[in-house]
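**Q** There's a structure below that I have some questions on.
The values are calculated or read from the model by the stated rules, or taken from the named source; none is laboratory data. Note that the structure is predicted; figures quoted are calculated from it, not measured. So basically every Cβ, Gly included, is an ideal-geometry build from the backbone, and we count neighbours across all protein chains shown.
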Amino acid sequence: MISQAIQPTTTMKTLSAVLLTALLLVTALPVKAKALPDLMTVIEQNKDSVVNISAEGAEPKTSASGNDFGQFDLDKLPPALREFFKGMPAPDGRRQGPRGRRAPQSSGSGFIISNDGYVVTNAHVIDSAAKIVVTLKDRRELAAKVIGVDESSDIALLKIEAKGLPAATMGDSSELRVGQWVVAIGAPFGLEHSASQGIVSALARSLNQRNTTYVPFIQTDVAVNPGNSGGPLFDLEGNVVGVNSMIYSRSGGYQGISFSIPANTVKNVVAQLKEKGFVSRGKLGVHIQDVDQELADSFNLPGPTGALVANVERGSAADKAGFQRGDVIITYGKTPIYTSSDLPPLVGNTEIGKEVSVTLIRAGSEKKLNVIVGMLDKKKGEVVAGGNRAKDTFGVVVGPLSAEQREEVRSDKGVVVNQVMGGSLADKAGIQVNDIILSFNNKDIASGAELKKALKDTPKGRSVAVLVIRDGASRYIPVHLPK
């Protein structure tokens with residue numbers, strides 16, 4: 001059988017010609033590409049608010065700044081992070097020793113948040129520093145004092161004596177969306193005011209490491225390297241939406257994953273550090289764990305989501321609200337809880353004493369409980385005050401001496417100053433972090449409680465002598481106690 005080819009008719013020929021002509025015309029039209037983000041404006045408007053931080057006499061901790069992370073036990077990190085942190089070269093080119101320890105000097109980035117000299121950076125950048133220097137965009141180098149440090153969020157608040165400074169604007173990190181463009185400015189490897197860009201890769205990322213429980217990290221693909229720690233992460237409107245803190249790497253350099261502390265977390269921490277020198281956090285009083293498929297089946301849950309309550313602390317906020325073992329928390333306020341790590345940042349950042357509605361599943365049925373959030377006491381040492389606000393207090397946070405410090409003072413007396421509250425009496429007198437207080441008004445001091453008592457027993461409206469050891473040398477510092 002011979003097949004006969006179908007021959008196009010005149011009408012079909014005409015139609016084909018018309019379609020071909022239309023196609024050629026369409027392809028010839030200019031294609032309007034979607035405009036790329038205007039990064040130049042963001043960088044130009046905000047670069048002057050970014051500063052370099054140099055900390056001398058510190059025993060720094062590894063992070064994106066190339067130092068050793070104070071809030072992380074290296075042995076508990078994932079292998080890729082552990083190898084990265086142990087062998088990373090420092091910004092000045094020196095290589096760290098075993099467990100990341102190196103000479104007592106570190107550097108990082110920071111940014112100005114007010115025109116009168118308040119500066120934000122990472123806590124690990126200035127960890128245990130005896131001297132902190134802030135370098136501005138105009139090359140001025142200014143000594144900085146520590147207003148407060150919060151290791152649990154890796155945030156430190158500094159103060160430099162200057163006026164009319166270019167301050168960055170803090171944004172609302174709750175409005176961030178995955179895929180959104182962001183820009184980092186800092187000093188990677190000491191290369192000042194370097195900018196890098198990328199997108200938000202994930203939100204509310206939990207790294208499951210101790211002391212980061214209360215940080216719902218922003219994950220990005222912005223290039224962050226040693227020296228970027230403490231620098232700002234901007235959105236395209238020029239608002240700070242995060243503080244760059246760390247990276248994940250198998251090579252010791254940037255590999256596409258970086259983590260930033262959300263701006264809303266930073267604002268809460270900074271406000272408390274500025275007000276009282278330390279941070280108070282909300283607490284429910286429940287021990288929680290993740291829900292896997294087997295647990296979901298055994299608890300008659302619709303799926304493996306939520307935070308399973310394994311224990312309720314007696315007398316806690318959760319206990320008073322009626323929480324029970326076996327409850328599965330699925331929402332806190334209006335926020336869904338998908339894993340157990342979602343809950344602590346929400347609770348920790350809740351105002352103490354606030355009533356929050358919590359939805360849970362108990363015995364297969366949904367139930368709502370109203371809980372009045374309690375306070376988590378995570379202060380480092382004892383707060384020694386004398387009033388209700390930092391400017392009216394003695395204003396130090398003290399702790400017990402280490403074995404090395406005991407050997408230095410050759411005594412069973414003394415307490416070490418872990419924090420000095422900005423504007424406090426101790427701050428005005430010149431008492432510094434790492435000072436060892438031996439006596440107050442000629443009374444030996446062996447604990448924070450004894451320092452509190454000595455302060456309480458001392459008549460006000462006069463100056464008293466405080467004996468401290470600093471850099472191996474003893475000295476008396478006069479502190480005026482107002483009436």
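**Q** Are there strands (runs of 3 or more DSSP E) fully within region 250-330 with at least 2 residues that are closer than 30 Å to V119 by Cβ? List them.
**A** 258-262, 281-283
**Q** Right, next: Of all residues in region 454-483, how many are assigned to a helix (DSSP H, G or I) and surrounded by 15 or more Cβ atoms within 10 Å (Cβ to Cβ)? Spell out the reasoning first.
**A** Pass one, region 454-483, residues assigned to a helix (DSSP H, G or I): 454-457.
So of that shortlist, the ones also surrounded by 15 or more Cβ atoms within 10 Å (Cβ to Cβ) come out as 454-455.
Matching residues across region 454-483 total 2.
**Q** Show the residue pairs that are 6+ apart or on different chains and have beta-carbon atoms under 9 Å apart, the first residue being within region 455-483 and farther than 28 Å from K131 by Cα, the second being among the aromatic types (F, W, Y) and in a strand (DSSP E or B).
**A** Close Cβ pairs satisfying both conditions: T458/F440.
**Q** Take region 176-200 and flag every residue that is within 16 Å of I261 (Cβ to Cβ) and either surrounded by fewer than 18 Cβ atoms within 10 Å (Cβ to Cβ) or in contact with a Gly (Cβ under 7 Å, 6 or more places away or on another chain) (or both).
**A** Within region 176-200, V182, A184, I185, G186, V200 qualify.
**Q** On to the next question. Checking G387 against (1) at pLDDT below 85; (2) within 28 Å of the chain's Cα centre (by Cα); (3) among the small types (G, A, S), which single condition isn't satisfied?
**A** That leaves (2) as the condition not met.
Results for (1) over 20 Å from A204 (Cα atoms); (2) free of Cβ contacts under 8 Å to residues at least 40 places away in the same chain; (3) surrounded by fewer than 17 Cβ atoms within 10 Å (Cβ to Cβ); (4) touching a His at 6+ places or on another chain (Cβ under 8 Å), shown as yes or no for each residue.
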position: A263; (1), (2), (3), (4): no, no, no, no
position: L273; (1), (2), (3), (4): yes, no, no, no
position: G282; (1), (2), (3), (4): no, no, no, no
position: G285; (1), (2), (3), (4): yes, no, no, no
position: L301; (1), (2), (3), (4): yes, no, no, no
position: G306; (1), (2), (3), (4): no, no, no, no
position: N311; (1), (2), (3), (4): yes, yes, yes, yes
position: A318; (1), (2), (3), (4): yes, no, no, no
position: A321; (1), (2), (3), (4): yes, no, no, no
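**Q** Of all residues in region 331-345, which are farther than 12 Å from L369 by Cβ and crowded, with 19+ Cβ neighbours inside 10 Å?
**A** I337, S340, S341, D342, L343, P344, P345
**Q** Kindly list the number of the only condition in (1) in contact with a Lys or Arg (Cβ under 7 Å, 6 or more places away or on another chain); (2) closer than 24 Å to K276 by Cβ; (3) of a type outside the set (D, E) that fails for L438.
**A** (2)
**Q** Under the condition of being touching a strand residue (DSSP E or B) at 6+ places or on another chain (Cβ under 6 Å) and of a type outside the set (S, T, Y), which residue from region 345-355 is modelled with the highest pLDDT?
**A** That would be E355.
**Q** How many residues, within region 156-167, are under 23 Å from A123 (Cβ atoms) and touching a Gly at 6+ places or on another chain (Cβ under 8 Å)?
**A** 8
**Q** Quick test for you: out of T305, T350, T335, pick the one residue that is farther than 23 Å from S152 by Cα and either assigned by TED's automatic domain parsing to the domain that holds S424 or not charged (D, E, K, R) (or both).
**A** When all the criteria are applied, what remains is T305.
**Q** Another one. Mind checking which residues of region 224-274 are modelled with pLDDT under 85 and either outside the structural domain of S201 (by TED's automatic domain parsing) or among the basic types (K, R) (or both)?
**A** R250
**Q** Across region 186-207, what is the number of residues that are within 25 Å of R139 (Cα to Cα), of a type in the set (S, T, N, Q) and modelled with pLDDT under 85?
**A** The qualifying residues number 0.
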